[in-house]
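Notes for the one structure printed next.
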Amino acid sequence: MADPHILIPRLLSPSAIATRIADGRVIALGGRTMGTSWSARIAARAALPDAGPALQALLDRIVAEMSHWEPTSDLCRFNRLPAGAWQALPADFFTVLRRAIDIAAESDGAFDPTMGRLVDLWGFGPAPASLAPPSDGDIAAALAASGYRRMAIDIHGRRACQPGGLALDFSGIAKGYAVDMLADVLRQAGHRHFLVEVGGELVGEGVMPDGQPWWVDLEAPPEAPVPPARIALHGLAVATSGDYRRFFDHDGRRYAHSLDPRTGRPVENGVAAVSVVHARCMDADAWATALTVLGIEAGMALATQKRLAARFISNEGREAFSPALAEMLD
């Protein structure tokens, strides 16, 4: 294996790296959420008996609001509303919805939080999977009921209107938001040095007790012939979208869970994975999904235009760095 790429963010100052935490140790916490695991590594001088339950309670609240898999969640209740009905939304839910719609518009629909019907149709949601592609007619019907442009929101009333048949799905953004919230809770509790993660999406803050930054390898597909890309995650978040995580095979063809909201079908553009480094994990999560859908050429163009730090890995094992990420190469 080739030597790793070493990525150093510009905001990582020598004085920050040199700071050691006297008598510090790493407190490791973790649990289950959103069908995956979460973890927190906190540099502290003493045990933190209350931190784990507090972080788990936060994640449980986010699931209760935004889960596509929990029938009693606020999101599922919205999806069941009749056409024209409005629903008041919790603050976290509304924050995620607004940002999701913004990124949908900025990516011209490559990311879209209203694709719940298509996700279910292809067998990647809570409904039992058929392990076979749906019909063209079913795809067309699901597409017609979807689309972020059909959403109406009332900013002052913090509510959203169900246009009829539309199903929200925050799978491409909720994990990132959850990581941001874990980090915010730790900051509010006075912690300045930690690494938090949900299902591989991460936020790093400060340094480890020995003064080293939190070194993290960007996720890559298994067996991909690319060198590790190792970043000092200091005041930054990273998220990865990949077609190797969930898929099914039918008649000798593989159908991955990364759906193109514009066609209603799994992407077939040669992208195996995209990682995005960003100030907020919510944005990194959504942009990684959008760039995966766009493909390497169009995705790189958009990443360059918007100064997104991104790594693309093709199905053939080739990698490409956006200019904003290439600037971090040591």
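Taking Ser146, is it over 19 Å from Val26 (Cα atoms) and either without any contact (Cβ under 8 Å) to a residue 24 or more places away in the chain or among the β-branched types (Val, Ile, Thr) (or both)? For Ser146, the condition - over 19 Å from Val26 (Cα atoms) and either without any contact (Cβ under 8 Å) to a residue 24 or more places away in the chain or among the β-branched types (Val, Ile, Thr) (or both) - is not met. Listed by position, the strands (runs of 3 or more DSSP E) enclosed by the stretch 229-307 that each have at least 1 residues that are modelled with pLDDT of 95 or more and among the hydroxyl-bearing types (Ser, Thr, Tyr) are 236-242, 271-278.
Yes/no matrix, rows are residues, columns are (1) touching a residue at least 12 places away in the same chain (Cβ under 8 Å); (2) in contact with a strand residue (DSSP E or B) (Cβ under 6 Å, 6 or more places away or on another chain); (3) surrounded by fewer than 18 Cβ atoms within 10 Å (Cβ to Cβ):
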position: Gly35; (1), (2), (3): yes, no, yes
position: Ala46; (1), (2), (3): no, no, yes
position: Glu70; (1), (2), (3): no, no, yes
position: Phe93; (1), (2), (3): yes, no, no
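Among the residues in the stretch 217-227, are any closer than 21 Å to Asp285 by Cα, in a strand (DSSP E or B) and either modelled with pLDDT of 95 or more or touching a Pro at 6+ places or on another chain (Cβ under 6 Å) (or both)? Yes, some residue in the stretch 217-227 is closer than 21 Å to Asp285 by Cα, in a strand (DSSP E or B) and either modelled with pLDDT of 95 or more or touching a Pro at 6+ places or on another chain (Cβ under 6 Å) (or both). Within the stretch 6-19, one or more residues are over 19 Å from Ala183 (Cβ atoms), modelled with pLDDT of 90 or more, in a loop (DSSP other than H, G, I, E, B) and out of contact with any Cys (no Cβ under 9 Å at 6 or more places or on another chain). Ile153 meets all of the listed conditions (1) assigned to a strand (DSSP E or B); (2) touching a residue at least 60 places away in the same chain (Cβ under 8 Å) but one, namely (2). Would you confirm, using the coordinates I've provided, whether Gly84 is in contact (Cβ under 8 Å) with a residue 60 or more places away in the chain, surrounded by fewer than 16 Cβ atoms within 10 Å (Cβ to Cβ) and in a loop (DSSP other than H, G, I, E, B)? For Gly84, the condition - in contact (Cβ under 8 Å) with a residue 60 or more places away in the chain, surrounded by fewer than 16 Cβ atoms within 10 Å (Cβ to Cβ) and in a loop (DSSP other than H, G, I, E, B) - is met.
The values are calculated or read from the model by the stated rules, or taken from the named source; none is laboratory data. Given the structure is predicted, the values throughout are model-derived calculations rather than measurements. Counting neighbours? That spans all protein chains shown, and the Cβs are built from the backbone with ideal geometry, glycine included.
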